[in-house]
Structures are given as structure tokens and as C-alpha cells.
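Inspection log for the structure reproduced underneath, given as C-alpha cells.
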Amino acid sequence: MFKKILIPTDGSPLSAQAANAGVCFARSVGAEVVALYVTQPFAATIGFDGMAAAYAITDEDYEKASAEQSSRYLKSVLDRAETAGVKATSRAVSNFNVADGIVQAAEETGCDLIFIGSHGRSGLSRLLLGSVTAKVLSLAHTGVLVYRVKEDKEK
């Protein structure tokens, strides 16, 4: 069936929920996991006027913070995989378009499935917020399994 599954994470609780489900799925089919975190380059954070973020943080500070953040998020997926007895590696990439980064990483690492979470938004909220998952579905040349995450309605 599947041998290598890419599990992208953005560190959010909903992404963690999808990653946990992805690791469980990988265990059930005997696949290994590649945990992925995609960050956007510093230039993407500057904005249209080129000034807003330039005063708040330097390129070096941004890169350091991104590396620390990706390590933290990827470690949680790797720890979950270890607990489940699933072979796992991690990868952090930088891309202006997160969906492109996910699809490229899947190709580069030889993954035969992308296991990704989705909020399941529709209508205006999807139009306004966009959907990385929808973009991955349209760009991917490999299988994509979309896991519908459950949002906590009590907040």
C-alpha cells in the first residue's frame, strides 16, 4: 500500500490532531513518516511597503526563530511516531507558497502519500481564509489523504 507518508504540520492544535491521526494511519499500514514544516522566507513577511517588518526583526532573527519553531513542531510529530513505533524523519523547508513547499517536499523525499488536515471550511470563510489543503490537492502528483480535524467549540 503506502510506504512513505508526508505529514505537514504548522504547530497548531488542529495540525497536531491531524499529525497524530497520520502517525496512527502510518502504523496501521506499516509505512514510515516524513514530518514537514514549511516556513515562508523573510522577504514574504515584509509586506507591500517593504518597511513594516523591517524595523521589527532582522533577517537573522527571523531565520533563528523559524528554525527554533520548526524544531519544536517537528519534534512533537517525531515523538508521537516514536511512541507509536513508526519510523520517522523530519524536514523543514522554506517556500513563499506553503502548498508548493508541501508538494515539492513530497516529491523530493519519495513520499507516496500526503496526509494533511483540513478545517472543513466552506463558503465565504474558505474564500477569505484560503486553504492550503485545497491548494495541495490541486498541485499534488501523488495521493493526498485529507483528515477532517475536529475543532473545539467550547472556546
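The values are calculated or read from the model by the stated rules, or taken from the named source; none is laboratory data. Computed from a prediction, not measured in an experiment: that's the story for all the values here. Because the Cβ atoms are built from the backbone with ideal geometry, glycine has one as well, and the counts that use them run over all protein chains shown. All accessible areas refer to the heavy atoms of the entire protein, side chains included, with ligands and DNA or RNA removed. Shrake-Rupley method; radii C 1.70, N 1.55, O 1.52, S 1.80 Å.
If you go through segment 1-15 and keep only what is touching a strand residue (DSSP E or B) at 6+ places or on another chain (Cβ under 8 Å) and of a type outside the set (Asp, Glu), you end up with PHE2, LYS3, LYS4, ILE5, LEU6, ILE7, PRO8, THR9, GLY11, LEU14, SER15.
To keep it simple, each residue is scored yes or no on (1) closer than 23 Å to PHE25 by Cα; (2) over 14 Å from the mean Cα position of the chain (by Cα); (3) assigned to a strand (DSSP E or B); (4) at pLDDT below 95.
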position: ASP100; (1), (2), (3), (4): no, no, no, no
position: VAL103; (1), (2), (3), (4): yes, no, no, no
position: GLU107; (1), (2), (3), (4): yes, yes, no, no
position: ILE114; (1), (2), (3), (4): yes, no, yes, no
position: ARG126; (1), (2), (3), (4): no, yes, no, yes
position: LYS135; (1), (2), (3), (4): yes, no, no, yes
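Answer yes if at least one residue in segment 37-53 is open to solvent by less than 50 Å² (accessible area, probe 1.4 Å), among the aromatic types (Phe, Trp, Tyr) and modelled with pLDDT of 95 or more, and no otherwise. Yes, some residue in segment 37-53 is open to solvent by less than 50 Å² (accessible area, probe 1.4 Å), among the aromatic types (Phe, Trp, Tyr) and modelled with pLDDT of 95 or more. When SER90, SER118, SER94 are screened for being open to solvent by 30 Å² or more (accessible area, probe 1.4 Å), among the hydroxyl-bearing types (Ser, Thr, Tyr) and at pLDDT below 95, only SER94 passes.
Just a yes or no: is a residue in segment 73-87 of a type in the set (S, T, N, Q), within 13 Å of LEU36 (Cα to Cα), at pLDDT 95 or above and open to solvent by less than 60 Å² (accessible area, probe 1.4 Å)? The answer is no, given that none of the residues of segment 73-87 is of a type in the set (S, T, N, Q), within 13 Å of LEU36 (Cα to Cα), at pLDDT 95 or above and open to solvent by less than 60 Å² (accessible area, probe 1.4 Å).
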